[in-house]
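A short worksheet on the structure shown next.
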């Protein structure tokens with residue numbers, strides 16, 4: 001995991017994050033997550049949904065009985081409105097949460 005130390009650190013801290021992905025990046029990040037015991041929200045331990053442009057890591061609460069898991073979306077509006085930090089795979093950086101607009 002030498003090539004993504006900040007991503008790995010975020011996973012270990014169970015940081016809520018959203019990520020824009022290509023199929024190749026999705027596979028790579030999922031592999032790292034799965035190797036570290038993080039599964040999909042449906043408890044799948046397989047690399048899947050690589051066609052989706054966005055993946056999310058979050059604490060989904062007792063409703064799903066999953067303390068921290070992966071999910072996906074194909075809706076850019078949903079991605080943009082998600083309040084969590086954005087992870088940038090190209091630079092292995094986690095951007096701060098967007099600030100609320102003051103009116």
At 7 Å along the Cα-to-beta-carbon direction for both residue 13 and residue 95, put a label point, then send me their distance in nm to one decimal. 1.8 nm
Order of 44, 16, 26 under a 10 Å beta carbon neighbour criterion, fewest first: 44, 16, 26
Please label the shape of the chain as rounded, prolate or oblate, based on the square roots a ≥ b ≥ c of the eigenvalues of the alpha-carbon gyration tensor (a/c under 1.5 means rounded; beyond that, a/b larger than b/c means prolate, else oblate). rounded
Rough spin-label spacing in nm, given labels placed 7 Å along Cα→Cβ, for residue 59 and residue 42: 2.6 nm
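Just so you know, all these numbers are worked out from the coordinates, no wet-lab data involved. Source: prediction; values computed, not measured. Virtual Cβ from ideal backbone geometry, glycine too; neighbours counted across all protein chains shown.
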